[in-house]
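A short worksheet on the structure shown next.
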There are 2 protein chains.
Amino acid sequence: MTDEPTAAPPAAGGQRRGREARRQARLQRSAASVPYIDRKTPATDLLSEETLALIEANAEVILQEIGLEFRDHPRAHELLKGAGCDIKGSRVRFPKGLARHLCKTAPSRFTQHARNSARNVEIGGTAMVFAPVYGSPFVHDLDKGRRYGTIEDFRNFVKLAYASPWLHHSGGTVCEPVDLPVNKRHYDMVYAHMRYSDKPFMGSVTHPERAKDTVAMCEILFGKDYIQSHTVCTSLINANSPMVWDHTMLGAAEAYAANNQATIITPFILAGAMSPVVIAGTLAQVLAEVMGGVAFTQLVRPGAPVVFGTFVSTLSMQSGAPTFGTPEAAHAIFGAAQLARRINLPFRTGGSLCASKRPDAQAAYESANTLMPTVLAGTNFVLHAAGWMEGGLASSYEKFVMDCDQLGAMHRFCAGVDTSENGQGLSALREVGPGGHFLGCAHTQANFEQAFYRFALHDTNSVEQWEAEGSRQMPERANALWKKMLAEYEPPPMDPATDEALKDFMAKRKASFPDSNY
Amino acid sequence: MTDEPTAAPPAAGGQRRGREARRQARLQRSAASVPYIDRKTPATDLLSEETLALIEANAEVILQEIGLEFRDHPRAHELLKGAGCDIKGSRVRFPKGLARHLCKTAPSRFTQHARNSARNVEIGGTAMVFAPVYGSPFVHDLDKGRRYGTIEDFRNFVKLAYASPWLHHSGGTVCEPVDLPVNKRHYDMVYAHMRYSDKPFMGSVTHPERAKDTVAMCEILFGKDYIQSHTVCTSLINANSPMVWDHTMLGAAEAYAANNQATIITPFILAGAMSPVVIAGTLAQVLAEVMGGVAFTQLVRPGAPVVFGTFVSTLSMQSGAPTFGTPEAAHAIFGAAQLARRINLPFRTGGSLCASKRPDAQAAYESANTLMPTVLAGTNFVLHAAGWMEGGLASSYEKFVMDCDQLGAMHRFCAGVDTSENGQGLSALREVGPGGHFLGCAHTQANFEQAFYRFALHDTNSVEQWEAEGSRQMPERANALWKKMLAEYEPPPMDPATDEALKDFMAKRKASFPDSNY
């Protein structure tokens, strides 16, 4: 981990110029990038043992006394009843300890396979995976401003995620392609991840049939038998908090779990609206909802890979607006990560969240104050790690590459302190001595290229130099970077027969039912 | 800690308008603000026991084999020789374990008294104190741009630090008043802290005589006997890293320690230039330099209050420019804090550091990625907590209030998760139930005003609302806030006789020797 590339690899110079030089630079970068972080730093345990035990006890109270609703899904009721739940209408009450017991068949760690096996990611344990923004209806860049996302934007974000050495995962709905019909856009989205990237990806969850379509496309890409023994898709299943699992999400979760594909069981909570206005209460609700959802996946297929997901932010209690990067949200991140470790499940939270409308200082404070707790908490799957802006309403091109630069730094942070003989540097201290200067010493010369993480977008020049170069602030520099990355993008190779088969499947399916925006 | 005020207290409305209403609002805010943070969250132990023991062993190697230089200070040599050190020229070598042993007389925690006792701060243990930017020759604001600092700017930053509920300390050289002669500006600086604030402050260290002047002014303000039993001044003593303590710093440290005043013994290091280009090596050097400096203060006066200081950032190994908010700097922050705890000394590092020339996203990423590790590390005295810009070359008015807003959030973060019956929120969960909404429930109504930290400068409105209000980014909002704070500033009361005595002392001293810029 100490030899990962910087975000700004040295330009190829001399004889090799132009396209070939760029290709070489990309190959070098790609070869050196890591498929995921294997964290050497410890996870921070912010909450005490007593606090965690209290929250766990309260989650049991919720499951036992209040119950969760599993709506419009007879198969869920059948499975949960069979497991010992008490069911009245949609309300499902779990005898004390049952939900936790049912979670035990879920693996604590699994591999999500990519079509390029060098991109396979581990999810769980000390592994940490960064995936881009998910779900924004709008996109934003400095040139064209804010507008609805299109499939072209979607492909661009997939390409940017592929090109970044710091994102391990292609993600899912990197923006909503609003120019395509709602009931068919999932084909083009899943195809974009499969074709324009070779990193692992997420599937459609907006309807159980669309989850099944995703599984069918995975069968074409990976092989029908292969996916029954290999997880190739990790998809996002959100609770309708508070305490409701609905038909759509249960159906999608069932389709994936039944086919050995991973789901991220995630209460999506703005505390004060969808949960109590206090963090200990919110965490109890999160745990209850997750245990209920995970229990369902394990009843569908014991051993199906599943992730303990959490999305908790706070509300402005004055305006009702969502707020990000708040200290209470950080508490929730740390606490939920601990609860996930205690139930032995991989943990997901996010990421680079912010409420700001532009990639300004507010966006950066909020994002950093979400990302640092996320990383220190030992999160295994970091969603919305790059590009999130405006409370998730907009995917920002500039913020995407700004956030990626921060993710690069997190790679280095998680590598921890090098304690090898070289890392101790006693030879340098002996060589230089009191009053000396380390820049020229042998140890520095041997180490300087890889010594410190090199930010691609941080300007550290003198103010005179910075002004001479146009006084560009970070978003302007980011604007140039994402354009360069898209201009230099080349798709990873794909077997033409597989490509044809995917296109053929999509064409037939699209022709089989009318367009609709529902 | 759960009931501290928000940074934006509700405006006084109705009958009470204008000056009186503002005064009331200020009094309320002041009354509710806390003198320092008493951290309820645990400190993060990032480095392992083995790594820390290795670093400690290497620090002993430095002290024993390489030695530190104590330059041009015969009294230091006399004291160190008497304690058992081996001295050749300026080089002082410590027998194994001696420096650590000499540090044992230093208190693990002390009180710095303010002239308003409600502002006394604790330094050490679980206490955390935020102090503003220190040492910038330039200042910057959006209206007048970048220029040399003046005594007017200096007073403005003292007033802003006084007005902020989130800074506990008035700091020291909040900017350099370049319009005053170098050899006399300390009088006006120390006086500004004494007169325009009633928070604790730092003294002059640029010459041993100026440290003695500071002590003399403290004697006027607090009483000659009082300061011998009460610490009223905490001052910054920087090593000339690598491994040198010079005449100026030793003389200033001696003047303060001899009079029971606190010093922050701080290696100021840009790793790769003033220390090895590796963090484990840098930390060994930091520890050796700190132990040497602390040992000297304890030989001057056993029991003198002293702080283990660390300023470590990294260099761009391409340009030689200082870089901030880097992952390696975060490692150093966490590691040094652990080393300080193990030697039982209060710990200082900082703060809201950045290299950016403007209060943009770069500044915010870098500052947040310094501040969050600083807080999680359990730092006791956070210097440069607000206003630092451009690698410390400029004190920024806008960034000052932007950073203060983040410090407010850290108050809430350090309060931890409320696990009282109210904090558990089971009544809300029972009242609302599955599919309900928490905004209107009794528990939310009872808690919403103090539920979440309210940022003064984060805009969380809809994009439509934000555009209707002028599309102002964070620095523009900050510009309005610091102007409002200065406009509403009122000095804390001071006994006129004391004020006269201070002015008299300064006038006499200034008249007693010629101006000089050395």
Solvent-accessible area lost in complex, 50 Å² minimum, residues of region B:411-432 relative to chain alone, 1.4 Å: B:Phe413, B:Val417, B:Thr419, B:Gln424, B:Leu426, B:Leu429, B:Arg430
0 to 90° range, to nearest 10: angle between helix A:247-258 axis and chain A longest Cα axis: 70
Scattering profile of region B:90-179 at q = 0.13, 0.19 Å⁻¹ [log10 I(q)/I(0), Debye over alpha-carbon scatterers]: -0.66, -0.91
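Kindly provide the helix-only [θ] at 222 nm of chain B, computed as the sum of -39,500 (n - 2.57) over DSSP H runs of four or more divided by all residues, to the nearest 500 deg cm²/dmol? Kindly include the intermediate steps, with their values, before the conclusion.
Details: 19 runs with 232 residues, N = 518.
Result for chain B: -14000 deg cm²/dmol, rounded to the nearest 500.
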Within 10 Å of each Cβ in B:461-474, the average number of Cβ atoms from other chains: 4
Environment charge of A:Arg155, counting only residues whose C-beta is closer than 11 Å and scoring Lys/Arg +1, Asp/Glu -1: -1
Counting DSSP beta bridges with both ends in chain A, the antiparallel % (nearest 5): 40
Region A:260-384: radius of gyration over Cα atoms, expressed as a fraction of 2.2 N^0.38 Å: 1.06
0 to 90° range, to nearest 10: angle between helix B:327-342 axis and chain B longest Cα axis: 70
Estimated buried accessible area (total), pair B and A, 1.4 Å, Å² to nearest 100: 9200
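Expressed as a rounded percentage, what relative contact order does region B:271-366 have, with Cα pairs under 8 Å and six or more residues apart?
Averaging sequence separation for qualifying contacts and normalising by length gives 25 percent for region B:271-366.
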Alpha-carbon centroids, region B:125-189 and region A:364-378: separation in whole Å: 30
Pairwise label distance in nanometres, B:Asn517 with B:Thr498, each label 7 Å out on the Cα-Cβ vector: 3.6
Region A:375-518 - accessible surface per residue (Å², probe 1.4 Å): 41
Linear extension gain, A:Ala446 paired with A:Lys483, 0.36 nm per residue minus alpha-carbon span: 9.9 nm
Nearest 10 degrees, 0 to 90: helix B:496-511 Cα axis against chain B principal axis: 40
Normalised contact order of region B:203-330, rounded percent, pairs of Cα under 8 Å and 6 or more residues apart: 24
Volume of the Cα convex hull of the protein assembly as shown, divided per residue and given in Å³: 166
Residues in region B:352-371 occluded by at least 20 Å² - accessible area, probe radius 1.4 Å, against chain by itself: B:Lys357, B:Arg358, B:Asp360, B:Ala361, B:Gln362, B:Ala364, B:Tyr365, B:Glu366, B:Ala368, B:Asn369
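Using a cut-off of 11 Å between beta-carbons, work out the net charge of the residues near A:Phe413 (Lys and Arg +1, Asp and Glu -1, A:Phe413 not included).
Computed value for this residue: +2.
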Interface residues in region B:283-324 - accessible area drops by 40 Å² or more relative to the isolated chain, probe 1.4 Å: B:Met317, B:Gln318
Å² per residue, accessible surface of region A:191-308 at 1.4 Å: 20
Segment A:Ser471-A:Glu209, length gained on full extension (0.36 nm per residue, minus Cα span): 89.1 nm
Check: region B:407-518 dipole with +1 on Lys, Arg Cβ and -1 on Asp, Glu Cβ, in debye: 340
Hydrodynamic radius of chain B per Kirkwood, over alpha carbon pairs, in Å: 23.9
Average other protein chain Cβ within 10 Å of Cβ, residues B:50-60: 2
Translational diffusion of region A:389-493, µm² s⁻¹ [Kirkwood Rh, Cα pairs; Stokes-Einstein; 10 °C; 1.306 mPa s]: 92
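About the Cα centre, and with charges only on the beta carbon of Lys, Arg (+1) and Asp, Glu (-1), how big is the dipole of the protein assembly as shown? Nearest 20 debye, please.
60
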Isotropic mean projected area of the C-alpha convex hull, region A:437-494 (nm²): 7.0
Space enclosed by the convex hull of the alpha-carbon atoms of region B:40-122, per residue, Å³: 156
Solvent-accessible area, 1.4 Å probe, carbon plus sulfur percent, for chain A: 51
Accessible area per residue in Å² at 1.4 Å probe, computed on region B:54-107: 47
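The values are calculated or read from the model by the stated rules, or taken from the named source; none is laboratory data. If you're wondering where the values come from, they're calculated on a predicted model, not measured in any experiment. Cβ sites come from the backbone with ideal geometry, for glycine too, and all protein chains shown count toward neighbours. The area values use the complete protein model at the heavy-atom level, side chains included, leaving out ligands, DNA and RNA. Shrake-Rupley method; radii C 1.70, N 1.55, O 1.52, S 1.80 Å.
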